[in-house]
Structure formats: C-alpha cells, structure tokens
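Below is one structure, written out as structure tokens; comments come after it.
The values are calculated or read from the model by the stated rules, or taken from the named source; none is laboratory data. Every value quoted in this text rests on a predicted model; they were computed, and no experiment measured them. Here the Cβ positions follow ideal geometry from the backbone for every residue, glycine too, while neighbour counts run over all protein chains shown.
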Amino acid sequence: MIEPVFCAKCGRQLDESPDLPPAQRTPCPGPDCGSTSRSFNKSLTDGIGMSDQLSALHRRKDKTIGFTESARQGRSASAGQKGDGTFSYTLNGSSPQGEEDTLSACRILVNKLNNAGGNWNQPTISEGIVDCQAVDSQRDDRKLYIQVVRANVDPELWKTLNREGKIERKGNSTALAEQIKSAIDTKAQKIAAANRPGLVLALDATRLPVLGFDAVFEAFCSKWSPWASTLGFNSVWLVGPDESLTWQLDTRS
C-alpha cells in the first residue's frame, strides 16, 4: 500500500511518491504555499498473519492538527484541531484490557529515545513496579525501567467505550493538559518517592492521540512541566501512537 504524502506546511495531500528524493519534489500547489517539506504517514503491522494498519498524521506549520488510523487490534482513533483551537476526538471499539497496550507503548518510547541518540534494545515485559525494561545495546549493566499508566485515568471514559463501542468528545488544550496532569498525579501517589529515581514514567496515549498534539503538549508545559520535574522520576513521557506524538513532559535543567 502506498502511504499518503502531505505538505508539512499546509497539510494538503499530494500526488507524490513517499520515496521521491527531496531535490525532485515539486512545490506544493496549495494557495500561498509552495513548500517542498513533506509529512508522511506510517504503516504499521502487528500480530500474526496478514494485517495492515495505516495511520495518517496531518500537520500545518510543523504542528499536528489531525490524526486518523485504521483499526488496530479491533480499535481505532481519530482527532482533529479546529480553527478556533478546540479539539474533537473519537474512539471506536472496546476499552483496552489490563496491560494490553503496555509493550507497544514502551516500544514507541524506546524508538523515540533511540532516534534521539539512545542505544536501547527493544523492551521486554517485566514484573512488579517495572512494567517493561530495555537493556543498553552497548552496556549490559545499563537498563531502562519503565512504568506505564494510561494518559487518561477517568474510568467513565473507558466504561462508556466498552458499553457503547464508541465515544466522541470535545475539549480545549487546557482541559486535555489537565487530563495528563491527573494521570501523572494518580500514578505518583501510588509509587513511593524512594522508588521513583530509577523509573521512567510513560503515559500511554496510544489510544488517545489528541493528547499528543503540539498545542496540548505546549499547554501542559506552560503550567505543569516544572511540577512534573519535582516528582523525582528518571523522566516523564507522554507516548502517542506515533513518535511525533511522543513528548518528554518534565523539564530538564
């Protein structure tokens, strides 16, 4: 399947191969655009057998304004930012059960870290306070310990999804950032301060991509990043379904 190509500046879908070298790109025909920067979708395959999963990320002026995906393990999500800055988002399917999405969220986080210069092997499921761990490929004695929590801990959202098979919500960046803050606070209360320094806290937003939009991340940072850095974790991350929707939430000096 050929992955769609979008203009990274205006978000217009283009009739262009994703493999086309940058020097051969035609300027975007969008009004007042002309950009040769591109945004690409990612095609993911999971599970056993023939299974294709496609997601589309829409960006404008280098910021995410839309996300859609086909069914992934029987569930799908979409989200969009409106012109007035508000957001709408939809989930279809059933609520993920237990630790169902834990490993996939940790894989996305590890890939993000590796693309930033890390050397981590792919994570494996662990036990106890550590949900997943990854070993440094260059130092066997160096390990990454990850604790995962859903990025939205409102039980009513997940109960409604289970009951009705679909939820549609709206919100602004401040309200969505507060969901992230609530998830961090809830998990921090369950982990003793003495156990936090060696833990990476990962908020799983792989089913809620709207929480990884740039405007939501910026709203969180403007109010809560300094607070998150005082909690004592190794680091605090929001992990979306795509690396571009994955962010470090605690400030670093």
- Hey, any hits in the range 145-163 for a residue that's free of Cβ contacts under 8 Å to residues at least 12 places away in the same chain, basic (K, R) and either touching a helix residue (DSSP H, G or I) at 6+ places or on another chain (Cβ under 9 Å) or assigned by TED's automatic domain parsing to the domain that holds A193 (or both)? no
- Query: Under the condition of being of a type in the set (D, E, K, R) and assigned to a loop (DSSP other than H, G, I, E, B), which residue from the range 18-61 is modelled with the lowest pLDDT?
  - Reply: D46
- Out of all the residues in the range 91-109, is one or more under 23 Å from N152 (Cβ atoms), at pLDDT 90 or above and assigned to a strand (DSSP E or B)? yes
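Any residue at all in the range 7-16 that is closer than 21 Å to A105 by Cβ, outside the structural domain of D101 (by TED's automatic domain parsing) and either at pLDDT below 80 or not in a strand (DSSP E or B) (or both)? Give the derivation first.
To start, the set of residues in the range 7-16 that are closer than 21 Å to A105 by Cβ comprises none.
No: the range 7-16 contains no residue that is closer than 21 Å to A105 by Cβ, outside the structural domain of D101 (by TED's automatic domain parsing) and either at pLDDT below 80 or not in a strand (DSSP E or B) (or both).
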- Criterion (in the same structural domain as E243 (by TED's automatic domain parsing), over 16 Å from G232 (Cα atoms) and at pLDDT 95 or above) met by exactly one of A205, A193: A205
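Yes or no, residue by residue, for (1) over 18 Å from S88 (Cβ atoms); (2) among the aliphatic types (A, V, I, L, M):
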site	(1), (2)
N152	no, no
K159	yes, no
K166	no, no
K181	yes, no
I191	yes, yes
- Task: Evaluate the range 130-148: report whether one residue or more is of a type in the set (S, T, N, Q) and assigned to a strand (DSSP E or B).
- Result: yes
